[in-house]
1. Give me the one-decimal nm value for the distance between modelled label points at residue 102 and residue 139, 7 Å along each residue's Cα-to-Cβ direction.
2. Return one whole number: the accessible area per residue of the range 160-236 in Å², for a 1.4 Å probe.
3. For the range 75-115, with all protein chains present and a 1.4 Å probe, just round the carbon and sulfur fraction of the accessible area to a whole percent.
4. For a label point 7 angstrom out from the Cα of residue 151 toward its Cβ, which stretches of the range 169-194 have the backbone nitrogen within less than 19 Å?
5. Within the set 104/203; 140/173; 140/178; 141/183; 114/184, which residue pairs have Cα atoms separated by over 19 Å?
6. Between the range 118-142 and the range 204-219, what's the alpha-carbon centroid distance in Å?
7. Quick one: ranking 127, 228 by accessible area, 1.4 Å probe, largest first, what do you get?
Amino acid sequence: MVKSLNLQLRKKEKMKSRIHEKTRKCILAGCTVLILCMGLTGCGTDSEKEETTTGRPEDTVAIHAGDNDVFLDEAKYYAYVAQGTYEIYYLTKGRELSWSKKTKKGITMEELVKSTVLDDICRRECMYSYRDAYNVNLTKKEQAKIQTELDNYYKETGDALLSKIGIRKERLKKVFEKKEIAKKIENVMAFSDKKLPDETYKKWKEENTVTAEGQWESITFNKPIFTMEDLHSQVQ
């Protein structure tokens, strides 16, 4: 498992050039906003339990990224937001996404997207680990922006997605703060040398081991969050 995960991460850079990463991120970022704006309720229910945990998600480690632990609630947030984002993107194109469909890489769409999410999580952890070295902190303006983003998430996100992720507000605030700090560090690196963020992450992958616990593996997209029926109900 460890060997395959690290091999998967090292191959990720080759995959990015074929997906047109910048275009993909712009499109999917727009779809993420669309999820919130539409407030779709999806087809999930509060009683759904797709993963079995031995404790609270915020206390359960899902991914060991080098010396850093990523807990289940954070992993579920990024995984299920990605699921919903891709489903919305396909729905806006007039079709539903089949997560079990094989891609040109010979893996399913679910495996491909989870691979991308895992890589993004690891890159974020890599950048965040430099917070002391770069002495990066959040300004009051950035903290206010995070608070607004946090409030909007709980006000505008559909019940199905909220239930599926199941993260407490205090925990999600820490997730947003980590994301913002990691982004600031990457921008600082890129300001001095555009290649530095990629080179730093490449070195991190070579020097660190990534281990996914069973909880990460149990996160599946076999039940859709959004369907064509949901989209039509919003239009009517």
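The values are calculated or read from the model by the stated rules, or taken from the named source; none is laboratory data. Given the structure is predicted, the values throughout are model-derived calculations rather than measurements. A quick note on method: Cβ atoms are made from the backbone with ideal geometry, for glycine too, and the neighbour counts reach across all protein chains shown. Remember, those area values only see protein heavy atoms, side chains included, never the ligands or the DNA or RNA. Shrake-Rupley method; radii C 1.70, N 1.55, O 1.52, S 1.80 Å.
1. In this crude label model, residue 102 to residue 139 measures out at 5.2 nm.
2. Here the per-residue accessible area is 55 Å².
3. On the way: 930 of 1890 Å².
In the range 75-115, the share of accessible area belonging to carbon and sulfur is 49 percent.
4. 169-177
5. Numbers: 104/203 28 Å; 140/173 14 Å; 140/178 15 Å; 141/183 15 Å; 114/184 24 Å.
Table pairs above 19 Å Cα-Cα are 104/203; 114/184.
6. A separation of 19 Å, based on Cα centres.
7. Working: 127 0, 228 40 Å².
Of 127, 228, the descending order of accessible area is 228, 127.
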